[in-house]
Amino acid sequence: MIAAGRAVAVPARVTRAEDWTVGADRDLPIDNSQEWDGQEARDSIFRWAGFDDDDPDPARARRGFLIYDANEPELRGSYKLPFAHVRSGELKASPPGLRAAASRLPQTDAPQDVLDRARAMLDHYFERMEEEAVKSRRPDFVIKQAELTVTEDRSGRFIASTNREDRYGDIIEQSWDLDDFWRNPVFLWGHQSWQTPIGSVREFAANAQMTETHARVEFLPEGVDSFVDKLFRLVKLKALRAVSVGFIPIEIEDRLDADQHWIGYRFMRSQLMELSLVTVPANPDAVQLARSIDPHPAFLRRVFSEYRPSEPVASAPKFERRNQATETLARLKAGRSPA
């Protein structure tokens, strides 16, 4: 500004770390179109929240960003890490937007407690995505979970999978294609392939009877990554115990009951994609060695791959549930770009 014939600099506002907080809405509907443009997403949220007019609504704007500056909520620069965008007048969380926010979160300048809450928000949405994938019932990408314990040398053994019928009527034969997996046998946290691995998979093999698959993992050495050290301590304390196996089925057949009703899938051969430490145990037979686990574990699956039916699905009544599942997934996937 100009005052008394001289230029006077207006000091820029200094954002204090303690002003940043999490304001994201944890209950937004999920947009399955897989379309994402970060700048367009920001602009769409600000337009929707009235920032293009004279009466901006910060309570609306913060719903689509992981964190914001609560001291100056009327400024566009007070919002970081968009994970949602506005579609047909409705604010929706975007899977690629969530992944983009997750990849940038570790480099974001904010207090650690704020980053932890933001990470918890992301985990909440990823769990919702997994739950919706369960409902779709198409096993293009499957996640099964087991329980893990570790030793002082930072390694752990577990039963990753068995061929027992699970809660959803599926059976996994322990026939694994591991060629691609052994080229990069990383051990991940929460299936977050965009993040630094937390360790390596050292063993993954079915037993002689081909009834169950055993695995061994090793965490990164102590001091390499403080977050991995924290995870290792939580596993030792039994606060975290679940290990998840993600795979793509290679050969599948339908399972029918005595009345010829479809009851699930039989995975006859599968390609292992990754192993992860997660928060929820799942398979009733997936136990830590020499100990049984919670008899009421949860089961999650996630669908990542593009699916298009190659031929019409039979319309007989016995396939009604299957038809509904495949039609629902095809509709959800309709907007996804080719891989």
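The values are calculated or read from the model by the stated rules, or taken from the named source; none is laboratory data. From a predicted model like this one, the values you see are computed outputs, not experimental measurements. FYI the Cβ positions are ideal-geometry reconstructions off the backbone, even for glycines, and counts take in every protein chain you see.
Residues that are at pLDDT 90 or above, part of a helix (DSSP H, G or I), assigned by TED's automatic domain parsing to the domain that holds Arg128 and in contact with a helix residue (DSSP H, G or I) (Cβ under 7 Å, 6 or more places away or on another chain) occur in segment 64-72; there is at least one.
Does Thr196 qualify as being under 23 Å from His124 (Cβ atoms), modelled with pLDDT of 85 or more and not assigned by TED's automatic domain parsing to the domain that holds Ser103?
Working: under 23 Å from His124 (Cβ atoms): yes; modelled with pLDDT of 85 or more: yes; not assigned by TED's automatic domain parsing to the domain that holds Ser103: yes.
Criteria met by Thr196.
Every listed requirement among (1) in contact with a Lys or Arg (Cβ under 9 Å, 6 or more places away or on another chain); (2) crowded, with 22+ Cβ neighbours inside 10 Å; (3) at pLDDT 90 or above is met by Ala102 save one, (3).
Annotation note: Cβ proximity below 6 Å between a residue of segment 104-132 that is outside any helix (DSSP H, G or I) and a residue that is modelled with pLDDT under 85 and of a type in the set (A, V, I, L, M, F, W, C) (sequence gap 6+ or interchain) occurs for Pro111/Ala17.
Restricting attention to segment 136-160, and to residues there that are modelled with pLDDT under 65 and out of contact with any Leu (no Cβ under 9 Å at 6 or more places or on another chain), which single residue is nearest to Asp254 (Cα to Cα)? Result: Pro139.
Determine whether Asp54 is free of Cβ contacts under 8 Å to residues at least 40 places away in the same chain and surrounded by fewer than 20 Cβ atoms within 10 Å (Cβ to Cβ). Show your work before the answer.
Values: free of Cβ contacts under 8 Å to residues at least 40 places away in the same chain: yes; surrounded by fewer than 20 Cβ atoms within 10 Å (Cβ to Cβ): yes.
Spelling it out, Asp54 is indeed free of Cβ contacts under 8 Å to residues at least 40 places away in the same chain and surrounded by fewer than 20 Cβ atoms within 10 Å (Cβ to Cβ).
Going through (1) in contact with a strand residue (DSSP E or B) (Cβ under 9 Å, 6 or more places away or on another chain); (2) closer than 30 Å to Tyr265 by Cβ one by one, Pro73 falls short only on (2).
Within segment 155-188, the residues that satisfy the criterion of being surrounded by 18 or more Cβ atoms within 10 Å (Cβ to Cβ) and either part of a helix (DSSP H, G or I) or in contact with a Pro (Cβ under 8 Å, 6 or more places away or on another chain) (or both) are Asp166, Asp170, Phe181, Phe187, Leu188.
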